[in-house]
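Scroll down for the structure; my scribbles are underneath it.
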């Protein structure tokens with residue numbers, strides 16, 4: 001029977017153990033255990049909250065629509081390089097956990113890819129194929145942006161250039177990597193080392209691990225490249241290695257499950273294998289998002305405990321925050337360096353991007369901020385014409401959620417509110433953003 005107080009008590013005790021200093025005081029081993037438990041707790045909390053699983057399921061649906069267009073697009077590039085057969089062998093390994101049916105499914109998909117060409121599809125069909133291929137990359141970017149608390153998407157021009165990079169240059173790099181492996185295998189020195197009784201087993205082990213290293217490298221590249229945020233290479237590598245290891249482990253366990261799932265065939269009959277394939281595809285996307293979440297937490301450990309909860313800001317904090325945003329943007333505009341983005345504001349102010357978004361949007365709506373083509377924030381007009389009172393109005397007046405009717409205040413409260421507004425206006429006077437910047441050099 002469900003006992004809410006007991007569950008709440010267990011949760012409090014678990015959080016006290018993980019986030020307290022009991023384990024930390026136990027030396028290096030205790031600190032290491034506490035760190036592992038904190039990352040594990042944060043990731044499991046995010047998975048069970050439902051958003052990662054929902055996005056993984058959405059990506060499964062998009063994959064079903066996009067897999068043939070994506071492969072057709074990639075194979076057309078690889079055919080020109082003469083290495084598409086090598087990639088075909090690697091593709092068979094992706095559905096290997098499904099057993100014989102996995103090979104059959106791969107052959108079917110590749111058969112469809114071989115038949116795809118512009119003359120068969122026609123104009124509308126070709127446009128749909130291109131749209132579904134691009135939507136796959138876009139959906140992946142949106143999921144990574146969610147993980148990285150990114151509010152602003154890439155601009156259309158950036159998306160176009162970078163999506164083309166992924167769709168065209170990606171297969172080229174894959175072909176170069178696979179071609180290099182094949183070339184190394186034919187080198188006489190490598191053959192000699194493989195025959196050596198001492199060094200040979202190590203080379204064999206590395207050869208078996210190499211596919212997983214490729215997966216870890218691919219995951220790391222996606223974590224570094226796809227989010228519209230500044231991702232440190234070290235963070236991407238941590239997420240990539242964790243995601244790659246989890247993917248390899250899940251593949252082994254899932255393959256064992258498929259072998260021992262004859263009762264599923266009895267229940268689902270001919271639907272058993274397609275359902276199993278969908279589950280495997282879902283697990284792949286979920287693992288990719290879990291690795292991205294780990295990369296985010298490694299780079300931003302301050303979010304480990306609070307997760308996606310928005311910071312609770314007082315009215316005084318909201319006013320200071322809005323003024324600070326405009327001050328930092330104005331200072332950067334006067335002395336350009338790297339430019340100001342929502343991500344750099346988040347790092348400078350130590351506030352999540354999700355918490356900054358309403359203020360940045362409000363300032364943009366009021367014409368005090370503008371977003372450039374390169375997604376940099378700049379003053380919306382001459383800074384000598386931006387008064388501090390204009391900035392404060394964004395959170396003190398224009399930040400109202402609205403109501404279907406005008407509230408009825410008590411006369412005394414209405415008078416007091418008017419006096420407070422007048423006091424604030426008198427305090428800042430006619431001072432502008434330019435004045436504040438001048439005072440601080």
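Just so you know, all these numbers are worked out from the coordinates, no wet-lab data involved. If you're wondering where the values come from, they're calculated on a predicted model, not measured in any experiment. For neighbour counting, all protein chains shown are included, and Cβ atoms are generated from backbone atoms with ideal geometry for every residue, glycine included.
Here are the numbers:
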| read-out | value |
| --- | --- |
| Extension reserve of the residue 64-residue 278 stretch, reckoned as 0.36 nm per residue once the Cα distance is removed | 76.1 nm |
| Spin-label model distance (nm) - residue 47 vs residue 213, 7 Å beyond Cα toward Cβ | 2.8 |
| Mean Cβ neighbour count within 10 Å, used as a protection proxy, ranking 212-221, 330-339 highest first | 212-221, 330-339 |
| Ranking of 32, 6, 326 by count of other Cβ atoms within 10 Å, fewest first | 6, 32, 326 |
| Rounded, prolate or oblate (a/c below 1.5 giving rounded, otherwise prolate when a/b exceeds b/c) for the range 287-408 by Cα gyration tensor | oblate |
| Cα gyration tensor, the range 4-49 - rounded (a/c under 1.5), prolate or oblate | oblate |
| Approximate spin-label separation residue 324-residue 435, in nm, with each point projected 7 Å along Cα-to-Cβ | 2.3 |
| Gain on full stretching of the segment that runs from residue 161 to residue 371 - 0.36 nm per residue minus C-alpha separation | 73.7 nm |
| Inter-part distance where the range 278-302 and the range 1-53 are each reduced to a Cα centre, Å | 18 |
| For the range 306-356: rounded, prolate or oblate by the Cα gyration tensor [a/c cutoff 1.5] | oblate |
| Full-stretch length increase - residue 138, residue 232 - with 0.36 nm per residue and alpha-carbon distance subtracted | 31.7 nm |
| FRET E, pair residue 31, residue 335, Förster distance 41 Å, beta-carbon r, rounded to 0.05 | 0.50 |
